[in-house]
Amino acid sequence: MLKRILLSGAVLASLSLAGAASATDYRVVAPASPGGGWDQTARAIQTVMQETGVASSVQVLNVPGAGGTIGLAQFASQNKGDPSALIVGGYVMVGAILTNNAPVTLADVTPIARLTGEYEAIVVPASSPYQSIDDLVAALKKDPGAVSWAGGSAGGTDHIAAGLIAQAAGVDPKAINYIPYSGGGEALAAILGSQVSAGISGYGEFEGQIQAGQLRLLAMTSEDRIDGVDAPTLKESGLDVVLQNWRMVAAAPGLSDEQKAAVTADVEKMAKSKEWQEILESKGWEDTYLAGDAFKQELDKNIEQTRKVLQSIGLIQG
């Protein structure tokens, strides 16, 4: 009888271990400090994958620095062939790779899908003398160096937006006083503390402070006005600038076709879920989901377009 009990216990234990081993676990690298868009995206992935049962456990690891290129290099070198490893990236990383002439690029990982899109917001502290985007541009024209801009990493979407605004206003983009921060939280603190003249980032990163009256929203980089956002577009103000940041998720290099297909299926299941759609709505992110060869082609096109923009505003040489 004792043998039978012990045997039953052993069988149950082995079944339990087998079940644990077969459950999907993921580790998601957010290649920036906590608080910014990549960190928010990684933690949204964590929440939804766990809530929907796509994964039994998801861990988020922050590896900040150099527009995500430090995290990217570490991710590519340490996770080859590991289907449980993911990294968040996007437009900012594309620009940072080009600006820093990084030795590791998105060609060194396995792009899985574009997930979200978000337009840029231009804000100033509530105490700022600039009441409108016209006021800010007038100051920029008068003395480009006297207007300081806080945003994400050099060469990223925020930096590109500041350069394009200057260019559209007839100001040399190379003369702008752009101060890069490795995470959205750091940039936000600088803006709230009036350490800079203005800030640029995705609307979602400023929304709480805008609604609380701590920040004044001057303009958006969208083509048309956004429902629920009380601000003109840059185009309305005579500045021909439209820019959308986008974020993606990539897997480790060296995956087999079967592993890549399994990861892609998990990401798609997450991205099509009700829980993910609720997060998109709450954060003001657009659903720009695109996967497979279509995403790879779009990514290659975007890298080339970004190279041309960075050349036009003097951030990289032709």
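The values are calculated or read from the model by the stated rules, or taken from the named source; none is laboratory data. A quick note: this is a predicted structure, and the numbers were derived from the prediction, not measured. Methodologically, a virtual Cβ is constructed for each residue, glycine included, from the backbone with ideal geometry; neighbour enumeration extends over all protein chains shown. Side chains included, ligands, DNA and RNA excluded: accessible areas come from the protein's heavy atoms. Shrake-Rupley method; radii C 1.70, N 1.55, O 1.52, S 1.80 Å.
Tabulated values for the structure
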{"item": "In sequence order, calculated HN-Hα J values of region 72-88 (Karplus, 6.51, -1.76, 1.60; Hz; x Gly/Pro)", "result": "5, 5, 5, 4, 5, 7, 9, 10, 3, x, 9, x, 8, 9, 10, 9, 8"}
{"item": "Given charges at beta-carbon only (K, R positive; D, E negative), |dipole| of region 21-143 in Debye", "result": "200 debye"}
{"item": "Degrees separating the helix 133-142 axis from the principal Cα axis of the chain, which is the longest one", "result": "60 degrees"}
{"item": "Cα gyration tensor of region 96-250 - equivalent ellipsoid semi-axes, whole Å, descending", "result": "25, 18, 16"}
{"item": "Gyration tensor (Cα) of region 229-318, equivalent ellipsoid semi-axes in angstrom", "result": "30, 23, 9"}
{"item": "Using alpha-carbon coordinates, inclination of helix 274-283 to the longest axis of the chain, degrees", "result": "20 degrees"}
{"item": "Region 258-268 - phi-based ³J(HN,Hα) in whole Hz, Karplus 6.51/-1.76/1.60, Gly and Pro as x", "result": "5, 5, 4, 5, 5, 5, 4, 5, 5, 5, 5"}
{"item": "Region 248-311 and region 39-76: distance between their alpha carbon centers, rounded to Å", "result": "13 Å"}
{"item": "Solvent accessible area, Å² - residue 247, 1.4 Å probe, full protein context", "result": "10 Å²"}
{"item": "Lys/Arg +1, Asp/Glu -1 at C-beta; the chain dipole; positive extreme among 155, 32, 234", "result": "32"}
{"item": "log10 of Debye I(q)/I(0), alpha-carbon scatterers only, for region 178-281 at 0.15 Å⁻¹", "result": "-0.85"}
{"item": "The chain: projected area of the alpha-carbon convex hull, averaged over directions, in nm²", "result": "18.8 nm²"}
{"item": "Set 80/308; 80/296; 274/308; 141/283 screened for pairs whose C-alpha atoms are more than 27 Å apart", "result": "80/308; 274/308; 141/283"}
{"item": "Mean-position separation - Cα centroids, region 145-192 and region 213-230, in angstrom", "result": "18 Å"}
